[in-house]
Structures are given as structure tokens and as C-alpha cells.
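Just so it is clear, none of the values below were taken in a lab; they were calculated from the coordinates. Please read all numbers here as calculations on a predicted model, not as lab measurements. Note that each Cβ is placed from the backbone with ideal geometry, even for glycine, and that neighbours are counted across all protein chains shown.
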Amino acid sequence: MYKLRGHHLFCLLGYRGMGYSQEYVENMTRLHQTLRDNPKMRIQLVKGPDQLCEKYPNSGVYHCQDINIYERDAVILEKLGLKIGQILNWEDIESSIRKSVIPSDIQIVCKSCSWRSYGVCEEGIQEIIEGKGLREVK
């Protein structure tokens, strides 16, 4: 079982192999591939730093404890109708995304995210809506 915070549910949709450090990328790629290969993988929704944050580089300000990140987590969980502490399969999270999210939501929900400008999160949401699942990371 993986422990994930709210906004990382969206980050996984747009993930294309880029990240904050090599260690972070390796960790994110491993999780992404696991969920892609096994959509029944169980996820526990947590408040605050999760298993992806564990590999965030220690370079000064700890991004994972920023109040804006907590707010983004809460907004995304609310949008998906999910709650902290809930345990569900990744495919159930994808189902919630299909029912509750449209690609343009990224522009509002993730407006302060530095990765938003790449446009990959909107693509990821669209692919989930189309039933394609997570995109393969090469």
C-alpha cells in the first residue's frame, strides 16, 4: 500500500519522467509504473508529506510542508469527493477523476504549481477520462 497526499494524485497523471532530483524521479517512476501495472494497488490518502515527499531533495525550504501545498491537497481531495485516511484502489481514484474532473481544472486547482506550464497534467486527465489509464513513462 502506498501513502499519498491529495495533489500527488494529479501529479501522477501528468508525470512524464521529470522531477526535482534523480532520486525523486526514480521514486516517482517506480510508483507510477506500479500503479500503471496494477490499478488495484491500494492507496491511503494522508495529510502532509507522503512517500513521494520522502525523496524530495533537501535544498533549503521544504516544499512539502508549504501551506499552499496543503491547500492544494485539500482542494483536490474535495473535488474528487475523497477524504484523508481513506484507503482505496488506484482504479477507484481514476474513477473519481473521470466523474469529477475536466482538464481545464488544472489551471485553477494547480495555478501556483511550477509544473503546470508543461500542459502534461491536462493531457493526463484527458487520458484518464478516455479510460487509457496512466501514460507509459519512457
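Observations, loosely collected:
- Three-way shape call for segment 1-73 based on the alpha-carbon gyration tensor, with the a/c threshold at 1.5: oblate
- Kirkwood's formula applied to the C-alpha pairs of segment 42-138 gives a hydrodynamic radius of 14.6 angstrom.
- Unpaired by the 4.7 Å Cβ criterion, cysteines found in the chain: Cys11, Cys121
- For Lys40, a cut-off of 18 angstrom between C-alpha atoms picks up these lysines, skipping any fewer than 8 places away in its own chain: Lys3, Lys132.
- Charge tally around Met1: other residues with Cβ under 13 Å, Lys/Arg +1 each, Asp/Glu -1 each, net +2.
- Modelled this way, with points 7 Å down the Cα-to-C-beta line, the labels at Ser100 and Val75 are 1.5 nm from one another.
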